[in-house]
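Every read-out reported here was derived from the displayed coordinates using simple, explicitly stated rules and does not represent laboratory data. Keep in mind the model is a prediction, meaning the values are calculated, not measured. All Cβ positions, even for glycine, are placed from backbone atoms using ideal geometry, and neighbour counts span all protein chains on display.
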């Protein structure tokens, strides 16, 4: 094999592409060989995708799922980051609240579904609430720890230059904690995307999660089930690649020096 | 210039420090509590530092000299005693006196420019930019204005931190083993750089080190401290003008007197 870093440009694209083709061939081959009636071949799935696109559902459903994730996730970030900055810099307040956080955090958002429906009814709000829960604790805890891990030297240096407490947070604590906060945001977005699928299976009648469950329930359209699964994977990949870009920004890249 | 003839009377220091007292530490005692036990760290420290003077606090690792520097800088309150600077009681950090940490103190999320400009938030933009440009030049970081610290060498980061401190035009600099993490060649260069900057800017400098040569090469006076709890053992005046010939008998004699003071033989 060519050593890393010396591979030609075409090679970088070629091998993953070859692996994908091989995977599709294996998939098509085993569907044919096993004569399954239930599991769709890659061609059936492709046809399913075209059918969804033709009805306009593809764009609509991806859009609906993204909208729910955006609402729940952004609310979580808007509340979680400031709360984390506050608690992280006040050990006394953190000692009071942390036990509650640590009990709530390991509860799967799925377990909240009955309460979410009681509180918000069957609909968008319940789904968004579940996504909020899924992201909030992750973001809060990572912001809290990030602030706690800011070297005291940075604070001392900043105080030496006469920064007010508010300026200190804006110009030192937040930027110093940002790389770790970004990691927390990235993990939270991944979890939010996992949860939106589950939420849509129960609480709403649109979106990719709904597509999975609806395709099975109305006519056992497994070609559409698999098509929806692929769409979930591809959209998740696209969301994660946003964060891979953010992590390349110079103002946070210093926190990821081991990857560079 | 024959090195043997150098003495204070014939050759006063090229930069005569004024006699005015800048800093006065009186009866400083510091006791830390560790696991419920009281650990005395500093014992009855009395020290006067003159304006424009370069003073090194020298002592074995962990003796408490950094604690003393932190008290002088206002980051720590002493258990007993007080520090006055320009007659004014020190009650906290102040932007007229900047503390320089080892190179880890630069802000990694800011560029070279951003770091140097960090303390200049009260200045109008144009003046801020002029200051930044001036101190980029002073520490020789031209061409690296937009570079982030993790792309700089250790020596460059240290120069950057000194520039950030100088940019706010403080009248005192506190340096806590600033060159401790650098390799020995860079350390020598940095000492020369620091002296050049000190001669250009005439700040009062308090420099903590455990390196006897470093103290003897840099300081007007070396404050030799004992092991913990630290007391001032002796103050050695190094009355040799810069640049110092570090092979001259006079220099070697002074340096060896510090070695003896600390209780180390000449031979390793």
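To the nearest ten degrees, helix A:222-248 and the longest principal axis of the Cα atoms of chain A are 30 degrees apart.
Shielding by partners for peptide A:150-158, expressed as the average number of C-beta atoms from other protein chains within 10 Å of each residue's C-beta, is 5. Size check on segment B:18-61: the Cα extents along the three principal axes, sorted descending, read 45, 22, 11 Å. According to the calculation over all Cα-Cα pairs in segment A:162-234, the P(r) per 5 Å bin from zero is 3, 15, 16, 14, 10, 7, 7, 7, 7, 6, 4, 2, 1, 0 %.
The value obtained for segment A:47-205, namely the Cα convex hull volume divided by the number of residues, is 125 Å³ per residue. If R0 is taken as 45 Å, the Cβ-Cβ distance between residue A:86 and residue A:37 corresponds to a FRET efficiency of 0.20. For chain A, the relative contact order is 23 percent, taking Cα pairs closer than 8 Å that sit 6 or more residues apart in sequence and dividing their mean separation by the residue count. Length gain on complete extension for the stretch residue B:147 to residue B:35, per 0.36 nm per residue less the alpha carbon to alpha carbon distance? Result: 35.9 nm gained on full extension. Once the Cα-Cα distance is subtracted from the 0.36 nm per residue extended length, the residue A:118 to residue A:166 segment shows a gain of 13.3 nm. The angle separating the long axis of helix A:91-104 from the principal Cα axis of greatest extent in chain A is about 20 degrees. In terms of overall dimensions, the C-alpha atoms belonging to the protein assembly as shown reach 105, 55, 50 Å along their principal axes, ordered largest to smallest. Placing one identical point scatterer on every Cα of chain B and ignoring solvent, what is log10 I(q)/I(0) from the Debye formula at q = 0.07, 0.10, 0.14 Å⁻¹? With no solvent term, the Cα-only Debye profile gives -0.26, -0.53, -1.03.
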